[in-house]
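Visitor: This is the structure I have questions about; it appears just below.
The values are calculated or read from the model by the stated rules, or taken from the named source; none is laboratory data. A quick note: this is a predicted structure, and the numbers were derived from the prediction, not measured. Methodologically, a virtual Cβ is constructed for each residue, glycine included, from the backbone with ideal geometry; neighbour enumeration extends over all protein chains shown. All accessible areas refer to the heavy atoms of the entire protein, side chains included, with ligands and DNA or RNA removed. Shrake-Rupley method; radii C 1.70, N 1.55, O 1.52, S 1.80 Å.
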Amino acid sequence: QARFDVDAVRRDFPILGQQVNGKPLVYLDNGASAQKPLAVLDAMDRYYREMHSNVHRGAHTLGDRATSAFEGAREKVRAFMNAASTREIIWTRGTTEAINLIANGLAQRLKAGDEILVSQMEHHANIVPWQMMAERTGAKVVPVPVTPAGELDLDSFNSLLGDNTKILALTHVSNVLGTINPVAALVEQAKARGVITVIDGAQAVPHFQPDVQALGCDFYMFSAHKLFGPTGIGALYGRAELLEEMPPYQGGGEMIERVSFERTTWNTLPYKFEAGTPAIAEAVGLGAAIDYLDGLDREGMQAAEDALLVRANELVETVPGMEIIGTAKNKVPVMSFKIEGLHPSDIGTLLDQQGIAIRTGHHCAMPLMDFYGVPGTARASFAFYNTMEEVEQLFTALQKVQRLFA
Ligand code: PMP
């Protein structure tokens, strides 16, 4: 059993201590957005109290402080993902914007008949930008099916990865199923064919640290708000050669080297992709979230998370008619489920009355809902600050809901 001290960790998250609907809050909607430790709140507060100014202007002391806090955060993100250089770390608004930026930037490489391989388990953020790009270029978005257990169908992957495949856009971890995809192996196969690889890390980073050099992917992105940091910011890793050849995403201040009405030239990486005043305090907050995580016992934390999932799986049989969707061997503690005779949104409402927050609906993954033939699921997604008691409370509440309403 893990040595990880969950009670101590919970004290770092003030929001978790409250009551909701007269019951202690049990927050199991971490996949949608995670809560923030004091370290993040304090870092952002301190930034605004002591150092706020615009960045990269260099004329005065506050500007220097803000710039070094902001660029310091970029270095923390680089180290977190093990990228080779901060030139390869671009601030975005989040995962969604990062994927749009890349789809836009790669469009010039595509022609009619080219294929973008995605999977059936993608979030809409890793489908729709590619469809928009396909619309512009005549390329085609091709989904790799999943198995009933919620794993990527590798035989199909092998047959669909073909001469026309130009881009592989794949989620590291499914937000609905919790499945961890074998990204390193798939990237290796894709790269052997010269395919550009884009990995959506939104649901992976809250549970483990990615190593972009070991994965070998060309692009990797995540949102700070799921990594215990603020909303409004995320990070994109891109291989420098590809970023160099891509056109900018937005035009404006900061992203230029020189502007004239005859000819405008672009700034160097990463600034070429960062038009306008960035989310400075949010970058500082994300840096603080990464520092906070670095200070935790990562192995103990993972063991504790795994134990939560094992316990949840054991308890499924205590709720008549409950069925888990997504039973991959390798998964993070995310549990999508249905209960016979109950609509997912009713499950969500009835749990909320007992202080338990989960997510219900299609989870921005309609093609996956279609595959399972359901309009939506109920989803409990755990973080390292969740306790065994909370898992048990969830099941006690589900038993009650099932008894009274199914
Ligand atoms: N991809 C996955 C797998 C996600 O879970 C999410 C968020 N639900 C996103 C992309 C989009 O992230 P954001 O809304 O923060 O841009």
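Visitor: Could you say which residue among Lys400, Lys338 is open to solvent by 30 Å² or more (accessible area, probe 1.4 Å), part of a strand (DSSP E or B) and either at pLDDT below 95 or over 26 Å from Phe4 (Cβ atoms) (or both)?
Guide: Numbers: Lys400 fails: part of a strand (DSSP E or B).
Sole residue among the options that is open to solvent by 30 Å² or more (accessible area, probe 1.4 Å), part of a strand (DSSP E or B) and either at pLDDT below 95 or over 26 Å from Phe4 (Cβ atoms) (or both): Lys338.
Visitor: A follow-up question, please. Look at region 26-59 and say how many of its residues are open to solvent by less than 20 Å² (accessible area, probe 1.4 Å), in contact with a strand residue (DSSP E or B) (Cβ under 8 Å, 6 or more places away or on another chain) and within 16 Å of the ligand (Cβ to nearest atom).
Guide: 3
Visitor: Report yes if Gly355 is within 16 Å of the ligand (Cβ to nearest atom) and either crowded, with 16+ Cβ neighbours inside 10 Å or small (Gly, Ala, Ser) (or both), otherwise no. Spell out how you get there, then give the answer.
Guide: Details: within 16 Å of the ligand (Cβ to nearest atom): no; either crowded, with 16+ Cβ neighbours inside 10 Å or small (Gly, Ala, Ser) (or both): yes.
For Gly355, the condition - within 16 Å of the ligand (Cβ to nearest atom) and either crowded, with 16+ Cβ neighbours inside 10 Å or small (Gly, Ala, Ser) (or both) - is not met.
Visitor: Among (1) within 16 Å of the ligand (Cβ to nearest atom); (2) open to solvent by less than 40 Å² (accessible area, probe 1.4 Å); (3) within 20 Å of Leu236 (Cα to Cα), where does Met133 come up short?
Guide: Failed condition: (1).
Visitor: Further question: Filter region 66-87 down to the residues that are open to solvent by less than 30 Å² (accessible area, probe 1.4 Å) and touching a Ser or Thr at 6+ places or on another chain (Cβ under 7 Å), then identify the one that is farthest from Ala204 (Cα to Cα).
Guide: Ala66
Visitor: Of all residues in region 358-397, which are away from the ligand (no atom under 16 Å from the Cβ), aliphatic (A, V, I, L, M) and assigned to a loop (DSSP other than H, G, I, E, B)?
Guide: Matches in region 358-397: Val374 only.
Visitor: Please go through region 300-312 and give me each residue that is surrounded by fewer than 20 Cβ atoms within 10 Å (Cβ to Cβ) and either closer than 15 Å to Phe70 by Cβ or in contact (Cβ under 8 Å) with a residue 12 or more places away in the chain (or both), ordered by number. Outline the logic, then answer.
Guide: Here is the first cut: in region 300-312, the residues surrounded by fewer than 20 Cβ atoms within 10 Å (Cβ to Cβ) are 300, 302-303, 306-307, 309-311.
Gly300, Gln302, Ala303, Asp306, Ala307, Leu309, Arg311, listed by residue number.
Visitor: Output the number of residues of region 88-128 satisfying the condition of being of a type in the set (Asp, Glu), more than 13 Å from the ligand (Cβ to nearest atom) and either touching a Phe, Trp or Tyr at 6+ places or on another chain (Cβ under 7 Å) or open to solvent by 10 Å² or more (accessible area, probe 1.4 Å) (or both).
Guide: 2
Visitor: Sort out which residues of region 60-80 are of a type in the set (A, V, I, L, M, F, W, C) and away from the ligand (no atom under 16 Å from the Cβ), and write them in order of number. Quick ask: steps written out before the conclusion?
Guide: Going residue by residue through region 60-80, those that are of a type in the set (A, V, I, L, M, F, W, C) are 62, 66, 69-70, 73, 77, 79-80.
Hits for region 60-80 are Leu62, Ala66, Ala69, Phe70, Ala73, Ala79, Phe80.
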